[in-house]
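Below: the structure, in structure tokens.
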């Protein structure tokens, strides 16, 4: 089943269409309905914008990787307005310095990424705030292979909203073990900080997700974030043998000091409940383990 997703540019760009494939099922009906609502640009680092603001209407194909060895993972960005979702997406897509004048609302970014010497492809959806549609928000909660919930460390209310979004995701995907990373963005704005690192870590422990702080403006931890989301997906989708092999490779690259620290931390945590909580809090920062 071929779905045609129509793109519409509010700033006056010409329309174009893209093709993607999906399995014939209820998802096909969902994709058909979604195509009538979604209006976004799609970018790939190996091509020019899939829809140029200066070009006439044309067709282009979104790479799904279905015929390639690499896996394609759908990752959805969630969070309040102004927390830096689009900035993180643009850094990931390699467009932060492109200077293009198309509207940032409703973009997708499709690019390959090599993690642990294996290639994967991420289709990153930055469509959470598009159209302010409740129906679209509900579909976003159901369509992702993984989720990145973003808040600003300079905005306490965005942090509280991130907690609410985690609860909503739990309700929407109750029986699924979906990878979720809580992201405190704008960590470079030290003097304006309203949410501490400890608060972010504690929230991640309570809501059983991973945690990382980033700065999109400085590109700090952005690469680590997207490598981490790939690892979290693989840990859930791939076989135990594959993940054990990857973990063994990672451990071989660890320094002796780091190995010793991790071993001692486990011993202490077994004997002290308070230390066990701290150990779990530390593990929420480790994007290479469940």
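What follows is calculated from the coordinates using simple rules that are stated; it is not laboratory data. No experiment lies behind these values; they were computed from the predicted model shown. With ideal geometry, Cβ positions are generated from the backbone for all residues, glycine too; neighbour counts draw on all protein chains shown.
A few remarks follow.
- Order of 236, 252 under a 10 Å beta carbon neighbour criterion, fewest first: 252, 236
- Beta bridges per DSSP, both residues in segment 114-208: antiparallel share near 25 percent.
- Contour minus Cα-Cα distance for residue 223 and residue 189 (0.36 nm per residue): 10.3 nm
- Contour excess over end-to-end distance, with Cα ends at residue 174 and residue 118 and 0.36 nm allotted per residue: 17.1 nm
- Arranged from fewest to most other beta-carbon atoms within 10 Å of their beta carbon, 170, 246 become 170, 246.
- Length added when fully stretched, residue 206-residue 160, from 0.36 nm per residue minus Cα-Cα: 15.2 nm
- Förster radius 35 Å - calculated FRET efficiency between residue 239 and residue 133 (Cβ-Cβ, nearest 0.05): 0.35
- Normalised size of segment 102-246, defined as Cα radius of gyration per 2.2 N^0.38 Å with N residues, equals 1.07.
- Exposure proxy ranking for 245, 191, 231, 111, based on other Cβ atoms within 10 angstrom of each Cβ and starting from the fewest, stands as 191, 245, 111, 231.
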